[in-house]
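The values are calculated or read from the model by the stated rules, or taken from the named source; none is laboratory data. Predicted model only: the values in this text are computed from it and were never measured. With ideal geometry, Cβ positions are generated from the backbone for all residues, glycine too; neighbour counts draw on all protein chains shown. All accessible areas refer to the heavy atoms of the entire protein, side chains included, with ligands and DNA or RNA removed. Shrake-Rupley method; radii C 1.70, N 1.55, O 1.52, S 1.80 Å.
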Amino acid sequence: MAIGHVVHGLGPVRAVVIHGWFYDRRVFESMLPALDPEVFSLAFMDCRGYGSSRAMSGTFDVNTMAADAVDLASHLGWERFALVGHSMGGKAALRAAASAPHRVTRILALTPVWAGMAPFDARTLELFRGAVRDLNLRAAILQNGREGHVPAAWSRWMAQKSAEASTVDAFGGYLESWALSEFSGQIRDLPHEILAVAGAADAGLPPEAVKATWIAHLPNARLHVLGDCGHYPMLEHPLALASIFEQFLKTA
């Protein structure tokens, strides 16, 4: 059974889109009016335990996300396709590309988590683990993601959406995987063109961190920094991000 998903468009530019830790595929909805359906076929998937895949069991980790993304492309009859990944979805996109290097055309990584372990100290890791069951901690993480420069009501709303969109087991399982798994040595020779998009105001994954990992270690990666943007460019600057989709993915 294919992972839960929605395909936007019937165009020749094909990509599987993997969401991040908070929320599900619906995080991209505000971008859809700017993504030409005659140009794109974008498969927005819901990771296991999230959204339309909420009832699906399995191991909630980056490897499973990657395998589900490749399997979804096969289900859709796509031999060649790009990968788009946000946050933890960026880490999953690297794993998927490594597993199917001849099928993946290129990778668009949005405020992406790196293939190595997250640079969390013990206190930060425990804070994130506490957020698995505490919505106030989820809201605090979101609030701190732009150094407090977002309305508190939005942070509370997004925390609530994350709880509605995912099971506790999935939310907790994916955290352990995206934060602690390490496979950076297995992806440094990826041949794909990669565009990593960082938010200039992203306190959790600032441009300097993306540059020190994705750009430093992947030979065909380049960096695009979005000004006045935090960790959620699809919500903060949907039109600008849609333009990046068009410019980068259409050149495959």
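Once the 1.4 Å probe is applied to the protein heavy atoms, the chain comes out at 42 Å² accessible per residue. Of all DSSP bridge pairs formed entirely within region 1-132, close to 20 percent run antiparallel.
Give the angle, between 0 and 90 degrees and rounded to the nearest 10, that separates the Cα long axis of helix 168-180 from the longest principal axis of the Cα atoms of the chain. Taking Cα atoms only, the helix is inclined about 80 degrees. Positive-end ranking of 69, 140, 116 along the dipole of the chain, with charges on Cβ about the Cα centre, is headed by 69. The heavy atoms of residue 232 present about 20 square angstrom of accessible area, all protein chains included, probe 1.4 Å.
With all protein chains present, how much of the accessible area of region 86-171 (probe radius 1.4 Å) comes from carbon and sulfur, to the nearest whole percent?
Values: 2060 of 3780 Å².
For region 86-171, the apolar C and S fraction of the accessible surface comes to 55 percent.
Net charge dipole, region 2-85: roughly 100 debye, given to the nearest 20, about the Cα centre with Cβ charges of +1 for Lys and Arg and -1 for Asp and Glu.
Mind checking which of 242, 34, 73 has the largest fluctuation in a GNM of the chain, springs on alpha carbons under 10 Å? Looking only at 242, 34, 73, the largest GNM fluctuation is found for 34.
In the chain, helical runs assigned H by DSSP with n ≥ 4 each contribute -39500 (n - 2.57); averaged across all residues and rounded to the nearest 500, the mean residue ellipticity at 222 nm is -11000 deg cm²/dmol.
Of the residues 199, 185, 151, the one whose Cα sits farthest towards the positive end of the charge dipole of the chain is 185 (charges of +1 on Lys and Arg Cβ, -1 on Asp and Glu Cβ, taken about the Cα centre). Charged side chains reduced to their Cβ positions (Lys and Arg at +1, Asp and Glu at -1) give the chain a dipole of some 100 debye around its Cα centre.
Angle check, please: helix 152-165 long axis (alpha carbons) against the longest principal axis of the chain (alpha carbons), in degrees 0 to 90, nearest 10. Helix 152-165 sits roughly 60 degrees off the main axis of the chain.
Between the helical axis of 135-144 and the longest alpha-carbon principal axis of the chain there is an angle of about 70 degrees. Each principal axis of the Cα cloud of region 182-252 was taken in turn, and the coordinate range along them, longest first, works out to 33, 30, 16 Å.
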